[in-house]
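**Student:** Please find one structure pasted underneath; my questions will follow.
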Amino acid sequence: MGQGCPNTDHRLGSREGLLIAADPVVTQGHWINTGGSKDVVILPSSNGVPVEFTDRYFAPMQDSTDLLAAPDLLRNRYREDGYVLLRQVLDPAEVLRIRAEYFAAFPPEYFKAGTQPGEGVFSGTVPAGVPEYGVRGHPAYDFVRSPVYEAFAAQPALAEVAATLLDGDVQLIRRKVLRHYDRASGQASRAHVDRAYQVVPKGDVVTLWLPLGDCPLDGGGLVYLSGSHRQTARPADSASPVTDRPDDPRPFSHDLAWTARELGGRWLWTDFRAGDVAAHCPDLVHASLDTVTDEMRLSTDIRFQRTQAPVDPRWTVDWAADDGA
Ligand SMILES: O=C(O)CCC(=O)C(=O)O
């Protein structure tokens, strides 16, 4: 924390690069306070909508890595919480290699001078001519179809986590989503449940969210709404009244503060590192924060399903950002 750090009693407390002030002047979407003034509060945002980084809206994720050695306890934790956070399941060097493979497909002007393209550090300028994200011709479209990505997703360590959580044999679902945000995009994942996008028999699908690089909260970290998987009035069943996409009938919201007030619970966060895995069930509401770091946010979601359950046909083909699924 910088000099002049204010009272943080009712807040989440200090976090490097984040100034939290009482009686603040609110500045949206920028986490780094360069002036050290106690009169400025820096709010995270999601899709440009700020959400206070206080213990009203946020709480830390629980680390379940120690339960990897006790599968029954890990499964119980997953069923209870709807998610588990597992540190360093994958070799970070291998994750960074995958990150570098992806970013190698972009023009050099996308990257900050003095950095290696493979590090994925944003120059501030999206090169002209890069197609719309994730459609045919964009590097993300090719990447999810590449042998190197296929091999990454097929690592036995990932299937083992899924088999433990689902308590049975699993199959890797073919449609695997890649999410890449730079700080110019102003975009993040809206609050949603996976069940709204895929037909899944209860208990039969788990999503593994893999940061492809370090991903602190201000780098676009994933957040889970605590306890939301237990709700009986299902948020997945109806369109949200608070949405920036009123023409899309699927239920989600871009407003994380509203979502937490409406559904209850707090947004569970952590600073992810390359090699970490977050696993969640299809009923847990999740979203991500805006990326305000130069380091671009890159992640993938891969899903596993128990082998005996039928796979939603929309998920039996490779992902494209415009595939409508
Ligand atoms: O990576 C993210 O921001 C979340 C992605 C996600 O939840 C999804 O694709 O369903």
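Just so you know, all these numbers are worked out from the coordinates, no wet-lab data involved. As the structure is a computational prediction, the values presented were derived from the model and not from experiment. When we count neighbours, we look across all protein chains shown, and the Cβ atoms used for this are built from the backbone with ideal geometry, even at glycine.
**Student:** Work out the FRET efficiency for A151 and E262 from their Cβ-Cβ distance, taking R0 = 41 Å, and round it to the nearest 0.05.
**Tutor:** That gives a FRET efficiency of 0.50.
**Student:** Along the Cα→Cβ direction, 7 angstrom out, place labels at E160 and Q62. What is the inter-label distance in nm?
**Tutor:** Placing both labels 7 Å along Cα→Cβ, they lie 2.3 nm apart.
**Student:** Over 26 Å apart: what share of the alpha carbon pairs of segment 58-315 falls there, rounded to a whole percent?
**Tutor:** So the pairs more than 26 Å apart make up 39 percent of the total in segment 58-315.
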